[in-house]
Structures are given as C-alpha cells and as structure tokens.
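The values are calculated or read from the model by the stated rules, or taken from the named source; none is laboratory data. These figures come from a predicted structure and were not determined experimentally. Counting neighbours? That spans all protein chains shown, and the Cβs are built from the backbone with ideal geometry, glycine included. SASA here: full protein model, heavy atoms, side chains in, ligands and nucleic acids out. Shrake-Rupley method; radii C 1.70, N 1.55, O 1.52, S 1.80 Å.
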Amino acid sequence: MSLDLPAAFTLDAARRSGVRKDQVYGMLDRGEIERIGRGVFIRSDVVDPAFISLAAASAIHPASTLCLTSALVHHDLSDAIPFASDIALPRGVRHPAGFEHVVWHSFDDATFALGREFIDAGGGVRVAVYSAERAIVDTFRLMHREGDDVAHEALRRWLRRRGSSPSKLLKIAAAFPKALPKLRVALAVLL
C-alpha cells in the first residue's frame, strides 16, 4: 500500500490519493511509515536519513529550506553535529507543529529564494538547501546567534575549495546589508 504514496506525504495528500486515514495508521502500526510531525509521514526506507525532517517539512510547505548550520554541514563547511535540522520558511508562514528535531527560522520573503538549490533526498523527494555561499552569508548575518567562530570557520573552509569565488559570495551578501561589512572584513583578513 505504501508504494501508492510519495516518500513524504501529509494525511490530506494520502486522502487525495485514495488512501483512508485508518489505512495510513495501519501502515504506521506495521512500521511501513514513520510520523515525523502532526499529520505528516515519511517512508524512511527510501529517504536519506539526513533529510527526513526536511522531506517531511517540504511535504507540508514546499518552501521549506535547509539553512544555517545544517546547510553548512551539508556543504562540508562545518564539523558540527546538529541535534536538530535548521529549516527556513518565508516570514509569515506558520511553522508546522509536532516536529521534534527541527529548529524553525523565518527569513524575509524578498531574499528567501536567493541561493536556494534543490537536491534529491531519495524516493523521488526533492528538497531545498541553501547554497554554500548563502549559508555562509546567513551565518555572518546571524552571527550573534550562530557564533562568529562558526561563520569564520565556514568561510575559511569555503575559501580553501577549488572554484570558490569571493565575488559570487559578495554578490549574494549585497542583498543583506548587515552581513556585507562583516563579510568584507573577514575576506580582507583571510585573503
């Protein structure tokens, strides 16, 4: 039965696919699916474990995007082992309830899509992750919460990579007036 449903789905999406609520809960009882949040389920056998929370969040809000430390880890710019996934939604969008291992962030609509990339999380589920450049800019922008050591280490690692382009980084940073001066100073010191 679970093969008739996408790898990440809501109870409403299951109903639209012709699967009744009792059938969904039967699959849950048999261990065919997992409940990730209120009314959202996932087939964890086909979704990459690193993206389970993001895939489930994307089933509710397609705009859900991996950000900050979680995005830095994805791009191998941090050695942190986050207990929860950092997921951004556009400001004004209500954060889904019942997600245990998610830290929700609200980002401005005007810059939300900047640096947003899509990857395959497995099982045909496409999820959004901020690019390495956007994740670095956001970490500088929110340095008071994320920590200056996290931001500077991510920038150092990124600069060591072949093909990293400070001009591309500064182009993204130009959309964030508070981050741009901090980033320019850090680049001047590191370059």
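Annotations for the structure displayed:
- Filter result (polar (S, T, N, Q), under 14 Å from the mean Cα position of the chain (by Cα) and either open to solvent by 50 Å² or more (accessible area, probe 1.4 Å) or closer than 25 Å to Ala13 by Cβ (or both)) within the range 44-69: Ser53, Ser58, Ser64, Thr65
- Sole exception among (1) of a type in the set (A, V, I, L, M, F, W, C); (2) open to solvent by 20 Å² or more (accessible area, probe 1.4 Å); (3) modelled with pLDDT of 90 or more for Ala14, by number: (2)
- Where helices (runs of 4 or more DSSP H) fall entirely within the range 136-191, those with at least 3 residues that are open to solvent by 10 Å² or more (accessible area, probe 1.4 Å) and without any contact (Cβ under 8 Å) to a residue 12 or more places away in the chain are at 148-160, 179-190.
- Residues that are within 13 Å of Ser64 (Cβ to Cβ) and either surrounded by 17 or more Cβ atoms within 10 Å (Cβ to Cβ) or modelled with pLDDT under 95 (or both) within the range 104-115 comprise Trp104, His105, Phe107, Phe112, listed in sequence order.
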